[in-house]
Amino acid sequence: MRSHSKSNPKFEPFTVRFDERSIEDLRRRLDLTRWPDELPGAGWSYGIPLDTVREAVHYWSHEFDWRLMHEQLNAFEQFTVEIDGLSVHFVHARGRGANPQPLLLLHGWPSTYAELLDLIPYLTDPQARGGEAEESFDVVIPSIPGHGFSGIPAVPGFEDRQAASIMVKLMDALGYTRFCAHGYDLGASILGLLCLDYPERVIGYHTTSPGNPGPYLDPAIPLSEAEREHVRLGRQWYAEEGGYAHILGTRPQTMAYGLQDSPTALASFILEKWHLWTAPPGGDLFRHFDPQKLLTHVSIYWMTGTANASGRFYYEGRHTRWPGPGDISQVPLGVSLTRTQAHERPPIEYVRRMFPDIRSWEEIGSGGHFVAAERPEQVAGRILDFFRLLL
């Protein structure tokens, strides 16, 4: 699955390091937050509660450990490489087996590549955790362009299919002619389209977001009752919770001023999604997730100034050629369903419209949208189980 690249790309070693001046500027901004009012007993009805944001801001300003963050992010080899005029940042963790298979992992939104780092030890060295050495992977975790430490596309129209092309070129640059893949959310959208455009490159694809992107619903093939309910739930969710998506899909620049200038606004925007899309047991976000890791994601968005670029994918989605008539991929698919919101759990017949070769369809039974952050051992185990069927 590996060949010598013809382009001889130049890989630059990369180390995460935020300087003290930027950290002090952040703390100053947090301490000068101009707080809004809040109706008594509002809870989550109007958005993220004031007490939750105050707790996050206090932690970020006074307790967040920047040294620990740097250590955790720099625990694995990282590089940048220029592809199509963009600097692409990625982690490259080599497997310990005799013949590791390449595995591309793509993060979602509003998350970062850091969410997937906890999967690495399980995938690169499965033998250390009771698995087999020959099942190991060479793991590649990019920052999707417009996110984190990758470059920001400088022209209008950069969308999921172009991101998919860059991912293929990244794997080319690393010498991987065929590769395995796993992703969710935006990463699943990119990988799903990659499986349509470059099926010969993908050994198999595993996801926890099997309805993203959605298949073409051929009017000649009636929807099942379960499919009709899935479509209904999607519309209901968008009507009740999709305001952010409508703004980002129509006027992203207007929202960007607050997210770029106020770290409190950025934290509230991101942490609301982590709460609503996870529904943490007991309702306490900061006891369900390690606040250090939660604020690491927010810190990456803040320090790299990529809130606007990442959110712009919603706007650029109008340029994307989404699955249409005849768009079917024969790439083998593995699905692991979480206990996430109902609209993210399509029925198998819906997914089979685009991916007819479904090799596994299983319940994880726990976790939500950001399940890799909640259950890394379980997610890695499902990835290993799926590719064991193919390799």
Is it the case, given these coordinates, that Gln260 is over 25 Å from Pro376 (Cβ atoms) and either assigned to a helix (DSSP H, G or I) or of a type in the set (Val, Ile, Thr) (or both)?
yes
Considering only the stretch 122-156, state which residues are among the small types (Gly, Ala, Ser), over 15 Å from the mean Cα position of the chain (by Cα) and either crowded, with 22+ Cβ neighbours inside 10 Å or at pLDDT 95 or above (or both).
Ser136, Gly151
Residue tally, condition within 28 Å of Gln162 (Cβ to Cβ) and in a loop (DSSP other than H, G, I, E, B), over the stretch 222-253:
2
Would you point out the residue of the stretch 174-206, among those that are in a helix (DSSP H, G or I) and aliphatic (A, V, I, L, M), that is farthest from the chain's Cα centre (by Cα)?
Leu196
Segments classed as helices (runs of 4 or more DSSP H), wholly inside the stretch 316-391, with at least 2 members that are among the charged types (D, E, K, R)
348-352, 376-388
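Say whether the condition of being of a type in the set (Asp, Glu), within 16 Å of the chain's Cα centre (by Cα) and modelled with pLDDT of 95 or more is met by at least one residue in the stretch 366-377.
Checked against the condition, which is being of a type in the set (Asp, Glu), within 16 Å of the chain's Cα centre (by Cα) and modelled with pLDDT of 95 or more, the stretch 366-377 yields at least one hit.
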Can you tell me which residue in the stretch 334-370 is surrounded by the fewest Cβ atoms within 10 Å (Cβ to Cβ), limited to those that are more than 19 Å from Gly192 (Cα to Cα) and of a type in the set (A, V, I, L, M, F, W, C)?
Ala342
State whether the residues of the stretch 166-173 include one that is under 14 Å from the mean Cα position of the chain (by Cα), over 19 Å from Phe14 (Cβ atoms) and at pLDDT 95 or above.
no
Scanning the stretch 27-58 for residues that are closer than 16 Å to Ala267 by Cα and of a type in the set (Ser, Thr, Tyr), the one nearest to the chain's Cα centre (by Cα) turns out to be Thr52
Answer yes if at least one residue in the stretch 297-307 is closer than 16 Å to Thr112 by Cβ, in a helix (DSSP H, G or I) and among the small types (Gly, Ala, Ser), and no otherwise.
yes
Please tell me if Ala114 is touching a residue at least 60 places away in the same chain (Cβ under 8 Å), surrounded by 21 or more Cβ atoms within 10 Å (Cβ to Cβ) and within 21 Å of Pro356 (Cβ to Cβ).
no
Can you confirm whether the stretch 272-279 contains a residue that is closer than 21 Å to Gly368 by Cα and of a type in the set (S, T, N, Q)?
yes
All positions within the stretch 230-265 that are without any contact (Cβ under 8 Å) to a residue 40 or more places away in the chain, surrounded by 13 or more Cβ atoms within 10 Å (Cβ to Cβ) and not hydrophobic (A, V, I, L, M, F, W, C):
Tyr238, Glu241, Gly242, Tyr244, Gly258
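Okay, residues lined up against (1) more than 20 Å from the chain's Cα centre (by Cα); (2) in contact (Cβ under 8 Å) with a residue 24 or more places away in the chain; (3) under 22 Å from Arg321 (Cα atoms); (4) part of a helix (DSSP H, G or I):
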site: Pro110; (1), (2), (3), (4): no, yes, no, no
site: Phe158; (1), (2), (3), (4): no, yes, yes, no
site: Asn212; (1), (2), (3), (4): no, yes, yes, no
site: Leu217; (1), (2), (3), (4): yes, yes, yes, no
site: Ala220; (1), (2), (3), (4): yes, no, yes, no
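Does Thr278 satisfy the criteria of being within 18 Å of the chain's Cα centre (by Cα) and assigned to a loop (DSSP other than H, G, I, E, B)?
yes
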When the stretch 298-321 is checked residue by residue, the ones that are surrounded by fewer than 17 Cβ atoms within 10 Å (Cβ to Cβ) and at pLDDT 95 or above are Gly305
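The values are calculated or read from the model by the stated rules, or taken from the named source; none is laboratory data. Owing to the predicted nature of the structure, the values given are computational and were not obtained by experimental measurement. Glycine also receives a Cβ, built like all others from the backbone with ideal geometry; neighbour counts cover every protein chain displayed.
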